[in-house]
Amino acid sequence: MRVVELEARLVRVALRRKVTHASHTRTETDNVVVRCKLSDGSTGYGEGVPRDYVTGETIDFSLDLLKRSNLARQLEPDCTDFVQAVHLAEKLKLEPQPNDDRGILGNAARCAIELAVLDAYGRAFGEPLSRVTELIAPELYQFRDRVQYSGVIGNPRGWKKHVYPLVYRLAGFTQVKLKVGIEGQDDIKRTRTIRRWLGRKMDLRVDANEAWTPESAAARIADLEPFNITSVEQPVRHEEVSGLADVRKRVRAPIMLDESLCGIIDAERAARGGWCDLFNIRLSKCGGFTPSVRLAQFAKAHNLGYQLGCQVGETAILSAAGRHFASSVRDIRYLEGSYDRHLVWEALSKDDLTFRRNGTAPALVGSGLGFALDPARLDWLTKRKEALIG
């Protein structure tokens, strides 16, 4: 069995509300969606969410990179079982880019290709995507039939800044992430208010999205520590990430890397430099499912924690892939994802993958990604289409 068709699309997804954090404000997102068809007719889909301020990718760059990367030769081999398909997918490489010393330019595009290939072969061989974890990292594998996602609070105004945390509390969430470092906002006042409405038992962490400098970060974090925050995500710009080694010595709250953790080179540098306590692993920015599992492996081996994150505007394709990761990788500190119905107008699926009232969601046990995509919705949202194979 082999790949006979491969197609990449620019898909524009409108958001249900404006999303604001210290790095960006967004009302829609341009995503890469890849369709992969095998010789037996099995079809799979993958998705990537290019962000130029994270991995340096734009949507046009991602599509053009896929066209230049000689994928036909890489996907030419026949696969007689799912094990071979997983090895084939993990070895996929896109054309190297100049001045990319982190090896991350093209991660969103690679994620889309890899997920499409794994979804197609998973459907052909009757294997769920979560099986990949068991095959490549058995020491990390732990299947859970149910997971629980975190809530996220961005920049609510007026009455919403009280209602949002109260809703999370009453709904039964156990973790909430608060965006801080937003221009014009008082972080201490906001965090105090959010903590009061969340209650003392809620696990509360903050995400600065590169808003602070190494010189100011320790003081900013110390100001928030009285509110019992359990971690601080990406407090400084990536260009200044080495300064976190000193910041960590001056604060109690664990430091998590996000924009500065996009691949194995980043992970190695962070561990060597003592820059963080936690990794934020997001499938699209980290290059796909297998690279993300490898990052969790690396973190575990270096006594670091990790969370599964997501990116604004993910459709059901990445939501499903994240669900498989969440339900198969042990010791994930926090979970983010499956916001579908709450955030995007069109999730591309016939099935609703949105988490339930208290943030819980069942594992997906069907073949491949384990959900049915709606081709008509995909066609409706497609703005550009490129044939890569066939």
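The values are calculated or read from the model by the stated rules, or taken from the named source; none is laboratory data. Computed from a predicted model, the values in this text were never measured in an experiment. Quick reminder, even Gly has a Cβ in these numbers, built from the backbone with ideal geometry, and neighbours come from all protein chains shown.
What the table below lists for this structure:
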{"quantity": "Test for Arg12: is it within 23 Å of the chain's Cα centre (by Cα) and surrounded by 18 or more Cβ atoms within 10 Å (Cβ to Cβ)", "calculated": "no"}
{"quantity": "Failed criterion for Thr213 (all others in (1) in contact (Cβ under 8 Å) with a residue 12 or more places away in the chain; (2) farther than 22 Å from Arg269 by Cβ; (3) of a type in the set (Ser, Thr, Tyr) hold)", "calculated": "(2)"}
{"quantity": "Tyr334 vs. criteria at pLDDT below 95, aromatic (Phe, Trp, Tyr) and either at negative phi or surrounded by fewer than 23 Cβ atoms within 10 Å (Cβ to Cβ) (or both)", "calculated": "no"}
{"quantity": "Selected residue (criterion: surrounded by the most Cβ atoms within 10 Å (Cβ to Cβ)) from residues of segment 76-102 that are out of contact with any Lys or Arg (no Cβ under 9 Å at 6 or more places or on another chain) and among the acidic types (Asp, Glu)", "calculated": "Asp100"}
{"quantity": "Options Val251, Val241: the member that is in the same structural domain as Ala299 (by TED's automatic domain parsing) and either in contact with a helix residue (DSSP H, G or I) (Cβ under 6 Å, 6 or more places away or on another chain) or surrounded by fewer than 22 Cβ atoms within 10 Å (Cβ to Cβ) (or both)", "calculated": "Val251"}
{"quantity": "In segment 18-45, the residues that are touching a Phe, Trp or Tyr at 6+ places or on another chain (Cβ under 8 Å) and modelled with pLDDT of 95 or more", "calculated": "Val33, Val34, Arg35, Cys36, Leu38, Ser42, Gly44"}
{"quantity": "Subset of segment 92-112 that is in contact with a Leu (Cβ under 7 Å, 6 or more places away or on another chain) and part of a loop (DSSP other than H, G, I, E, B) - its residue that is nearest to Lys37 (Cα to Cα)", "calculated": "Leu94"}
{"quantity": "Matching entry among Asp351, Asp379 (being assigned by TED's automatic domain parsing to the domain that holds Thr174, surrounded by fewer than 21 Cβ atoms within 10 Å (Cβ to Cβ), within 30 Å of Ser39 (Cα to Cα) and of a type outside the set (Phe, Trp, Tyr))", "calculated": "Asp351"}
{"quantity": "Exclusive hit being assigned to a loop (DSSP other than H, G, I, E, B), closer than 29 Å to Leu261 by Cβ and of a type in the set (Gly, Ala, Ser), set Ala296, Ala321, Ala347", "calculated": "Ala347"}
{"quantity": "Flag if Ser42 is surrounded by 14 or more Cβ atoms within 10 Å (Cβ to Cβ), under 17 Å from Lys385 (Cβ atoms) and of a type outside the set (Lys, Arg)", "calculated": "no"}
{"quantity": "Spans of strands (runs of 3 or more DSSP E) in segment 113-208 with at least 3 residues under 24 Å from the mean Cα position of the chain (by Cα) and surrounded by 14 or more Cβ atoms within 10 Å (Cβ to Cβ)", "calculated": "151-153, 175-179, 203-207"}
{"quantity": "Residue that is surrounded by the fewest Cβ atoms within 10 Å (Cβ to Cβ), among those in segment 269-293 that are in a helix (DSSP H, G or I) and hydrophobic (A, V, I, L, M, F, W, C)", "calculated": "Ala271"}
{"quantity": "Failed item in (1) more than 18 Å from Val49 (Cβ to Cβ); (2) surrounded by fewer than 24 Cβ atoms within 10 Å (Cβ to Cβ), with Val312 passing the rest", "calculated": "(1)"}
